[in-house]
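Shown next, in structure tokens, is the structure this report addresses.
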Amino acid sequence: MGRISLTHVFILALLFSVISMIAKVEAQKRCTEVLSPSSCLLAECKQECFQKYPSGVGQCVQSGGTPLQPTYECLCVYNCPL
């Protein structure tokens, strides 16, 4: 009864790992900024986003238009300042 089994140790280690991972995920908040609301060329969008925010990733996302002629904007996703 006073013995700690290997299973108990494994469960405690797993629980500790999950809790520490949750803390890290919550610390990595992401922010977004629309850099070009009316048009988007992917290469330019990526470059502009990276120049403005070194941790940023630029991507073209649909912002409206019609199903036959959608419009896209340049969305920059980056790590929020602390």
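Observations on the model:
- Residues (at pLDDT below 90 and among the β-branched types (Val, Ile, Thr)) located in the stretch 16-62: Val18, Ile19, Ile22, Val25
- Annotation note: Cβ proximity below 7 Å between a residue of the stretch 49-62 that is touching a residue at least 12 places away in the same chain (Cβ under 8 Å) and hydrophobic (A, V, I, L, M, F, W, C) and a residue that is surrounded by fewer than 17 Cβ atoms within 10 Å (Cβ to Cβ) and in a helix (DSSP H, G or I) (sequence gap 6+ or interchain) occurs for Cys60/Leu42.
The values are calculated or read from the model by the stated rules, or taken from the named source; none is laboratory data. Computed from a predicted model, the values in this text were never measured in an experiment. Quick reminder, even Gly has a Cβ in these numbers, built from the backbone with ideal geometry, and neighbours come from all protein chains shown.
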